[in-house]
Amino acid sequence: MKDRLIELGYLAGWRVVRALPLPVAKALFTAGADRAWKSNGPGTQRLRANLRHVVGDDMPDTLVRDALRSYARYWMEAFRLPSQSREQFLDGFFMVPESYQQLRQAVAAGDGVILALPHMGNWDAAGAWVCSHDWPLITVAERLKPEGVAEQFLAYREKLGMKILPHTGGDRAPLDVLEEHLGKGWVVPLLGDRDLSRRGVEVEFFGGRTRMPAGPAILAIRTGAPLFVVDLWFDETRTTSRLHRIVPAADGRLDERVKATTQMLADAYAAGIADHPQDWHMLQKLWL
């Protein structure tokens, strides 16, 4: 019964929220974020602890409020994305011109592109924007519980134009499938600031130790495909982004190269998060 209620809640979100006038939807989700901030539940407490790693002990508590509003905005926009047009996908996401030229040239070269993203801004809007350029996109998604919710998210992202692999339980190892698609010139975005396997690479991050997935580094080293970190943040009306090229480590054993490259990614994530901490949606335990 609990799982069914969760499924119905997500289904209602996709159906009801997209039918609301945008100002009404914004007001409702902002009010929900402010209520979560005031009630200070476990997720809010974890977000506060994570942001303190970023900005220090003198962090204003309004940053937590703003981060919850940003997280609520992600969900509000996610529920509304399936009803939007290609033109709206293109208008609702902006990449700074220098980064856009880098990405366009990398895609045109035909060697595939790896985009490593932290949990910032609206990464689904970023994926829809890529697909709206007719650039083929494949990524990996966490297998959510209950199963009905996982199926809804799969259908949601496929409707936006993305090809989705399950993080676990697929017919083939995700890295092998992604490597194959990179060889065909596909764009491969991967959320990379939180390890889901508990077998990730240990890195230094904002002065502490955490683990991050090795996938982006392994794929870049295996294939030679260009690797970029994507900064994402919200402005008043859209998600904005910029790219940072990461050149994988070339010396040492494979495990040493993967570790060094993953540390480069962690450093690049940290720089983007420090610039826009209110748009980092990390409500889970991260540091060891």
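Values quoted throughout were computed directly from the atomic coordinates according to the rules given, and no laboratory measurement underlies them. Bear in mind that the values here come from a model prediction, so they are computed numbers and not experimental data. Quick reminder, even Gly has a Cβ in these numbers, built from the backbone with ideal geometry, and neighbours come from all protein chains shown.
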Taking amide H atoms as placed 1.01 Å from N in the peptide plane, list the residues 5 or more away in sequence, or in a different chain, whose amide H sits under 5 Å from that of Gly185. Gly112
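So what is the relative contact order of the stretch 153-211, in percent, for Cα pairs below 8 Å that sit 6 or more residues apart? All intermediate terms of the calculation are to be shown ahead of the outcome.
On the way: 22 pairs, mean separation 9.0, N = 59.
Once normalised by length, the contact order is 15 percent.
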Quick check: residue separation of His133 and Leu28 times 0.36 nm, minus the Cα distance between them. What number comes out in nm? 34.6 nm
So if each residue of separation counts as 0.36 nm, and I subtract the Cα-Cα distance between Ala141 and Ser85, what length gain in nm does that give? 17.8 nm
For Leu190, the residues 5 or more places away or on another chain with a placed amide H closer than 5 Å to its own amide H are Leu115, Ala116, Leu117
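Might you report the magnitude of the Cβ-based charge dipole of the chain about its Cα centre, with Lys and Arg at +1 and Asp and Glu at -1, to the nearest 20 debye? Before the final figure, lay out the partial values.
Details: 36 positive and 35 negative charges, 158 e Å.
Once rounded to the nearest 20, the dipole reads 760 debye.
Suppose the chain between Arg104 and Arg46 were pulled fully straight at 0.36 nm per residue; how much longer would it get relative to their current alpha carbon spacing?
Extending this stretch completely gives an extra 17.1 nm.
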Be a star and scan the stretch 186-206 for residues whose amide nitrogen sits under 20 Å from the point 7 Å along the Cα-to-Cβ vector of Asp111. 186-190
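Relative contact order, percent, of the chain when contacts are C-alpha pairs under 8 Å separated by at least 6 residues? Show your work: numbers first, answer last.
On the way: 469 pairs, mean separation 70.4, N = 288.
Here the relative contact order equals 24 percent.
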Computed over the chain, Cα set: Rg, Dmax in Å: 18.5, 56
Please give, to one decimal in nm, the separation of the simple spin-label points placed at Lys163 and Arg253, each 7 Å out from Cα toward the Cβ. 3.4 nm
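Hey, with R₀ at 35 Å, roughly what FRET efficiency would Trp287 and Glu236 work out to, going by the Cβ-Cβ distance, to 0.05? All intermediate terms of the calculation are to be shown ahead of the outcome.
Numbers: r = 32 Å, r/R0 = 0.92.
The value I calculate is 0.60.
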If the cut-off is 16 Å between C-alpha atoms, which aspartates and glutamates fall inside it for Lys259, apart from same-chain ones fewer than 8 positions away? Asp193, Asp195, Glu202, Glu204, Asp251, Asp267
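A 23 angstrom limit on the alpha carbon distance is what I want to check against. Which of Lys26/Lys163; Lys38/Lys285; Lys163/Lys184 exceed it? Provide the component values of the computation, followed by the final result.
Details: Lys26/Lys163 29 Å; Lys38/Lys285 21 Å; Lys163/Lys184 14 Å.
Among Lys26/Lys163; Lys38/Lys285; Lys163/Lys184, the Cα-Cα distance tops 23 Å for Lys26/Lys163.
Using Cβ contacts closer than 10 Å as the measure, can you line up Trp129, Trp135, Trp233 from fewest to most? Numbers along the way, then the final one.
Values: Trp129 25, Trp135 17, Trp233 20.
Fewest to most other Cβ atoms nearby, the residues stand as Trp135, Trp233, Trp129.
Within a 10 angstrom radius of the beta carbon, how do Thr44, Thr261 rank from fewest other beta carbons to most?
Details: Thr44 19, Thr261 24.
In order of increasing Cβ crowding within 10 Å: Thr44, Thr261.
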Compute the distance in nm between two label points, each set 7 Å from the Cα along the Cα-to-Cβ direction, one at Asp176 and one at Asp58. 5.4 nm
Can you work out ³J(HN,Hα) from phi for every residue in the stretch 192-208, in order, using Karplus 6.51 cos²θ - 1.76 cosθ + 1.60 and θ = phi - 60°, giving whole Hz and x for Gly and Pro? x, 9, 9, 8, 9, 9, 6, 10, x, 8, 6, 9, 8, 8, 6, x, x
Highest to lowest packing among 270-278, 188-196, scored as the average C-beta count within 10 Å: 188-196, 270-278
What residues qualify as long-range amide H neighbours of Leu165, i.e. H under 5 Å apart, gap of 5 or more or another chain, H built at 1.01 Å from N? Thr139, Val140, Ala141
Which one, Leu137, Leu219, Leu160, is farthest towards the positive end of the dipole of the stretch 85-279 when Lys and Arg carry +1 and Asp and Glu -1 on their Cβ? Leu219
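Give me Tyr74, Tyr269, Tyr156 sorted ascending by neighbouring Cβ count inside 10 Å, so fewest comes first.
Details: Tyr74 21, Tyr269 26, Tyr156 18.
Result, fewest neighbours first: Tyr156, Tyr74, Tyr269.
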Dipole of the chain [Lys/Arg +1, Asp/Glu -1 at C-beta], most positive-end residue of Gly43, Gly112, Ala260: Gly43
